[in-house]
1. Choose one answer from R80, R61, R139: the residue with the largest mean-square fluctuation in a GNM of the chain with alpha-carbon springs under 10 Å.
2. For the chain, modelled as a Gaussian network with Cα springs under 10 Å, which listed residue fluctuates most, E49, E28, E121?
3. Full-extension gain between K152 and N100, please, as 0.36 nm times their residue separation minus the C-alpha to C-alpha distance.
4. Rounded to the nearest 500 deg cm²/dmol, what is the calculated helix-only ellipticity per residue at 222 nm for the chain, with -39500 (n - 2.57) per DSSP H run of length n ≥ 4?
5. Taking only Cα atoms and a 10 Å spring cutoff, compute GNM fluctuations for the chain and point out the largest among I35, I84, I12.
Amino acid sequence: MIRVLFVCLGNICRSPMAEGIFQHLVEEAGLSDQIVVDSAGTGSWHVGEPAHRGTREVLRRHGIDYTGRARQFTRSDLDRFDYILAMDHENLSAIRARANGSTDAEIGLFMDYAPDAGVREVPDPYYSGRFEEVYKLVRQGAEGLLAHIREKHGL
């Protein structure tokens with residue numbers, strides 16, 4: 001199994017959106033038996049809460065059902081996941097600090113899988129409300145990531 005974890009600050013906007021979109025693409029590709037998807041937040045403020053209403057609404061408009069609940073990123077995630085992808089540099093730094101160099105996971109910025117998007121970070125729509133804009137970016141990243149995984153792992 002290839003295990004993919006998306007990480008943002010509170011795990012209610014960007015990372016659950018990435019989880020939902022990527023899971024949808026994995027299912028469409030018939031790879032659900034080979035790729036496991038999850039998301040987490042570096043902060044604990046929203047643990048146990050559903051994704052932000054804006055995230056749920058934009059996913060629903062695009063035909064993606066998402067029912068996950070927020071959880072906090074843990075040290076054990078570094079051992080359980082093959083890919084740990086941060087939505088921005090702040091969360092990437094938090095992940096790397098917890099890893100302290102002792103993980104085999106591929107840790108990086110999610111948008112590095114969408115170099116044509118013109119951005120390296122996924123903006124947080126929590127205050128701006130720009131969920132559709134974030135959806136478009138995350139979709140590009142998810143498509144690029146899936147292509148990368150398929151090529152690297154011969155899927």
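Read the figures in this text as sums done on the coordinates, not as results from a lab. The shown structure was predicted, so the numbers you read here are calculated from the model rather than taken from an experiment.
1. Of R80, R61, R139, the most mobile in the Gaussian network model is R61.
2. Evaluated over the chain, the most mobile residue of the options is E28.
3. Values: separation 52, 0.36 × 52 = 18.72 nm, distance 2.54 nm.
Stretched fully, the K152-N100 segment lengthens by 16.2 nm.
4. Working: 6 runs with 66 residues, N = 155.
The per-residue figure over the chain is -13000 deg cm²/dmol.
5. The residue that fluctuates most here is I35.
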